[in-house]
Amino acid sequence: MSANQDGANLLEVRGLTKVFGTLTACDHIDLDVAKGEIHALLGENGAGKSTLVKMLFGTLEPNSGEILWNGQAVTITDPGFAKKLGIGMVFQHFSLFEALTAAENIALSLEDGSPISAIAAKARALSYSYGLPLDPQSLVGDLSVGERQRIEIIRCLLQTPQLIILDEPTSVLTPQEADKLFETLERLRSEGKSILYISHRLEEVKRICDRATVLRHGKVVGHCNPRAETAASLARMMVGNDVQAVVRAPAEGIETAQPLLEIRALSRKPATPFSIPLKNINLTVRAGEVIGIAGVAGNGQGEFFESVSGEVPQQDAASVRIRGKDAGGLGITGRRLMGAAFVPEERLGHGAAPRMKLSENLLLSRHATDGKVFVGAGGMVKSDAIYAASQRIIEAMDVRKSAPDPEAAALSGGNLQKFIVGRELDRRPDVMVVNQPTWGVDAGAAAHIRQTLIGLARSGSAVLVISQDLDELFEISDAIAVMHNGELSKPLPIAEATFEKIGLLMGGAEPGHAEHTLETA
Ligand SMILES: Nc1ncnc2c1ncn2[C@@H]1O[C@H](COP(=O)(O)OP(=O)(O)OP(=O)(O)O)[C@@H](O)[C@H]1O
């Protein structure tokens, strides 16, 4: 079925503008979304994509401009009004209660007074009809990230929207879950619904989107048919110049290099009913190398990061060794003092305090390890040194911001990630452990972060990267291990690793079985 069958526009945006202080985040934006099309909204981190869709969903008030819905001017005052119009939004960060069932979570947002059994029946029927099967009685805490997203999507579809806004929906999905989502989106399009789709994954934009509007620095800089473009030409349109390819210089002499991070028989009982036990994990990361950890989300990667970083210390001190010394009993600061750096997956909360300025966040994370640089005699904080260091990081990582030293919450998602990664890289750590290094980061910045991680390793550090992005792992790793159900496979040297082998291990095949299945396939 073709998109935009009758050529009518469902949504027209004219001159929409949003100013934060001195920054014009959206600058006279014009946008048309036709009925029955999947329309991509592309742009670098901080280009203004989230700000624009927040105005369309009524969570931000525009300073000026006009929104037309089915040709009629509307003022979208709040999300309730947006939903009544027929605008639904699936957020990147889920807002579900873990201790409630899928149906209870849906009921909370519907507020239509229907009995829970009726809501559950409707949700089940809808989920099956759209090929996103969901058990409404399941407890959210027991579900994978992909299944949680299904609840968000079904919750949105139950309100029969005409326009569905998706903000980076696949960043948390496995390739198989993403395929399912694409089928659902194509089905919605064939029913005449419109989709506004934000993603930094340009290959998927090419695959499913009919048109794209490209933003740069808050302005519309172009429109295109993504299918007629290449990922590189789309990236060029977004960034304004070519994105450098990542180069992985050969890692020489690693076999004999010093082990800087050693994990020995690391096991952990589940801390909550929803967490995954870790089972006898062994891994060595040597000076000079990048080891990647692949895995379907929710297979223990979060628990592994907590244990390696010291967010949750172990009883067995020898289960984590940093630069040849036992570190298992230490917390995160103790391990940082031994020369390690950690970047958690969750940016706000764990990675940065949202209401604190970037320089304050820097002091918070580094006062213990860089006390002499940042804190003077008598405990006096050296504000100038902190400010200078935060500006150095901002410059090195090209963090785009609306004020010289803004609060973390005022940065776009990708720019905050760039700052957090940069803050740890700036210490030149001997051991760097990073969970989802480029989550929500645009193509140009992702290439920069990946190249910097390789550079850090080649300068003599040990780098461990946990990522759901297999392309990323293949681009930067010297060997890839797979986490499945709390167990870690032996790292496969990159020369021997293939997508198929890693994919089979991610699905739970025994390492030997994965080889066998491939040979006999
Ligand atoms: N509440 C706020 N206060 C001040 N500035 C803000 C606020 N929200 C966003 N900004 C600024 O507006 C600009 C646009 O941010 P926005 O979140 O819309 O970008 P984006 O294109 O969605 O980026 P990303 O791809 O990183 O999510 C950024 O420079 C950001 O720092």
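The values are calculated or read from the model by the stated rules, or taken from the named source; none is laboratory data. Remember, predicted model here, so these are calculated numbers, not experimental data. With ideal geometry, Cβ positions are generated from the backbone for all residues, glycine too; neighbour counts draw on all protein chains shown.
Being surrounded by 15 or more Cβ atoms within 10 Å (Cβ to Cβ) and under 13 Å from Gln149 (Cα atoms) is the filter here; which residues of region 99-133 pass it? The answer is Ala102, Asn105, Ile106, Ser127, Leu132. Residue count for region 288-312 under the criterion of being hydrophobic (A, V, I, L, M, F, W, C) and surrounded by fewer than 21 Cβ atoms within 10 Å (Cβ to Cβ): the result is 2.
Residues in region 30-42: is at least one within 15 Å of the ligand (Cβ to nearest atom), over 30 Å from Gly298 (Cα atoms) and not in a loop (DSSP other than H, G, I, E, B)? Yes; the residues of region 30-42 include at least one that is within 15 Å of the ligand (Cβ to nearest atom), over 30 Å from Gly298 (Cα atoms) and not in a loop (DSSP other than H, G, I, E, B). Listed by position, the helices (runs of 4 or more DSSP H) contained in region 320-410 that have at least 2 residues being at pLDDT 90 or above are 332-337, 358-366, 383-396. Count of region 147-200 residues, restricted to those that are hydrophobic (A, V, I, L, M, F, W, C) and in contact with a strand residue (DSSP E or B) (Cβ under 8 Å, 6 or more places away or on another chain), is 12. Taken over region 392-420, residues that are in contact with a strand residue (DSSP E or B) (Cβ under 7 Å, 6 or more places away or on another chain) and at positive phi amount to 0.
If we scan region 250-258, do we find a residue that is closer than 30 Å to Gly324 by Cβ and of a type in the set (Ser, Thr, Tyr)? Checking region 250-258: at least one residue is closer than 30 Å to Gly324 by Cβ and of a type in the set (Ser, Thr, Tyr).
If the condition is being more than 14 Å from the ligand (Cβ to nearest atom), assigned to a helix (DSSP H, G or I) and touching a residue at least 40 places away in the same chain (Cβ under 8 Å), then region 415-447 contributes Arg423, Glu424, Leu425, Ala447.
Cβ separations smaller than 7 Å between residues 6+ apart or across chains give the following pairs from region 399-411 residues that are free of Cβ contacts under 8 Å to residues at least 60 places away in the same chain to residues that are more than 9 Å from the ligand (Cβ to nearest atom) and not in a helix (DSSP H, G or I): Asp405/Lys357; Pro406/Lys357; Glu407/Pro354; Glu407/Arg355; Glu407/Met356; Glu407/Lys357.
Residues in region 446-493 that are over 18 Å from the mean Cα position of the chain (by Cα), over 16 Å from Met432 (Cβ atoms) and of a type in the set (Asp, Glu): Glu487 only. In region 52-66, the count of residues that are within 22 Å of Ile154 (Cα to Cα), within 16 Å of the ligand (Cβ to nearest atom), aromatic (Phe, Trp, Tyr) and not in a strand (DSSP E or B) is one or more.
Filtered by the rule that a residue be within 7 Å of the ligand (Cβ to nearest atom), surrounded by fewer than 22 Cβ atoms within 10 Å (Cβ to Cβ) and within 19 Å of Leu364 (Cβ to Cβ), region 394-414 gives Lys401, Pro406, Ala409, Ala410.
Quickly run through region 361-392 and pick out the residues that are among the acidic types (Asp, Glu) and free of Cβ contacts under 8 Å to residues at least 24 places away in the same chain. Asp384 - this is the single residue of region 361-392 that is among the acidic types (Asp, Glu) and free of Cβ contacts under 8 Å to residues at least 24 places away in the same chain. Glu262 satisfies every condition listed in (1) assigned by TED's automatic domain parsing to the domain that holds Ala40; (2) in contact with a Lys or Arg (Cβ under 7 Å, 6 or more places away or on another chain); (3) closer than 29 Å to Ile291 by Cα except (1). Where strands (runs of 3 or more DSSP E) fall entirely within region 151-263, those with at least 3 residues that are free of Cβ contacts under 8 Å to residues at least 60 places away in the same chain and either within 16 Å of the ligand (Cβ to nearest atom) or not polar (S, T, N, Q) (or both) are at 219-224. Exactly one residue out of Ala509, Ala481 is in a strand (DSSP E or B) and either among the small types (Gly, Ala, Ser) or modelled with pLDDT under 95 (or both), and it is Ala481. Checked against (1) aliphatic (A, V, I, L, M); (2) within 16 Å of the ligand (Cβ to nearest atom); (3) modelled with pLDDT of 95 or more, Met89 passes all but condition (3).
Flag set for Ala47, criterion: among the small types (Gly, Ala, Ser) and in contact with a helix residue (DSSP H, G or I) (Cβ under 8 Å, 6 or more places away or on another chain).
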